[in-house]
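Values quoted throughout were computed directly from the atomic coordinates according to the rules given, and no laboratory measurement underlies them. The shown structure was predicted, so the numbers you read here are calculated from the model rather than taken from an experiment. In this analysis, Cβ positions are derived from the backbone assuming ideal geometry, glycine residues included, and neighbour counts consider all displayed protein chains.
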Amino acid sequence: MLQFVLLVVLLRTCLAHSWIDVLYATSPEGDLRSEGYIRNYQGHIDALETFHILNPTTTSSLCSSNQQTPTYSSAYPMLSARPGDNITALYEENGHVTLDALAPDYRPHPGYYAWLWTGEPNTDLTTVEQMLDVDNVIAGPFTFDDGKCAVAEGNPFGVGRSKQPCVATFWLPEDLITGVYSLVWAWHFPKIPACEEGAPLEFYTSCLDIYVDNS
Ligand SMILES: *[C@@H]1O[C@H](CO)[C@@H](O)[C@H](O)[C@H]1NC(C)=O
């Protein structure tokens, strides 16, 4: 048993966490309009892109310190869209769907995510309290496991899946005025099922903006 527990600890510490790597805006007719990134994206680098919120207070920051302002590079620009567009985002499951051996049943418990915003241009959600307010949800909650994604082939819980990122998708409302809208992808991943007693509040977030053109 001790050996098993040690193995589980080793497995856990090898895993990276998850964040949004890329977003696409597609017209209702299915034409790709643009590709965009989260704030300050530097590439697929766990240490730079992960933001972990563990046992927060209501005033804890919702976005990592390098994602609190709409900062983008020419290599990794802000997403552009039109009202009513289809927004699709990709993230790696990094083993949380296919490898994790978590208590109480030593299986993955990848949790849920939702997309949040204020619904108004040029305003940000900044605190965990705002994240927990269902009025700020634009889409979700969705299961983190999209039913297809896997970080690799031949893993214990993703048998038959090929290596591919997880896909998140939602529609922008039709009635948006022109402006920059801030969004947050908030993944609730408490490691043990949320219904278990003592499950902590544990989130990971990616903060990003969408320039919506309604001209
Ligand atoms: C957005 O488009 C993609 C690609 O066509 C599709 O898979 C997805 O279901 C669409 N999103 C929604 C919310 O319908």
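Seen through its C-alpha gyration tensor, with square-root eigenvalues sorted a ≥ b ≥ c, region 113-215 comes out oblate because a/c lies at 1.5 or above while a/b is not bigger than b/c.
In a reduced charge model with +1 at each Lys and Arg Cβ and -1 at each Asp and Glu Cβ, the chain shows a dipole moment near 580 debye about its Cα centre.
Using a ≥ b ≥ c from the Cα gyration tensor of the chain (square roots of the eigenvalues), is it rounded, prolate or oblate, where a/c under 1.5 gives rounded and otherwise the larger of a/b and b/c decides, a/b for prolate? Prolate, since a/c reaches 1.5 and a/b exceeds b/c. When the charge dipole of the chain is built from unit charges on Cβ atoms (+1 for Lys and Arg, -1 for Asp and Glu) and taken about the Cα centre, the candidate among PRO70, GLY36, PHE189 whose Cα reaches farthest toward its positive end is PHE189. Along region 98-109 the Karplus relation, 6.51 cos²θ - 1.76 cosθ + 1.60 evaluated at θ = phi - 60°, assigns HN-Hα couplings of 10, 10, 3, 10, 10, 4, x, 10, 6, 9, x, 9 Hz to successive residues, with x for each Gly and Pro. Phi angles across region 159-173 convert, under the Karplus curve 6.51 cos²θ - 1.76 cosθ + 1.60 with θ = phi - 60°, into 3J(HN,Hα) values of 4, x, 7, 9, 5, 6, x, 7, 10, 10, 8, 7, 9, 6, x Hz, Gly and Pro given as x. Site pair VAL159 and SER74 shows an inter-label distance of 5.1 nm when each label is modelled 7 Å from Cα along Cα→Cβ. Using alpha carbons only, how many degrees (0 to 90, rounded to 10) separate the axis of helix 2-14 from the longest principal axis of the chain? Tilt of helix 2-14: around 20 degrees. Look at the dipole of the chain built from charges on Cβ: of THR205, TYR24, PRO104, the Cα furthest out on the positive end belongs to PRO104.
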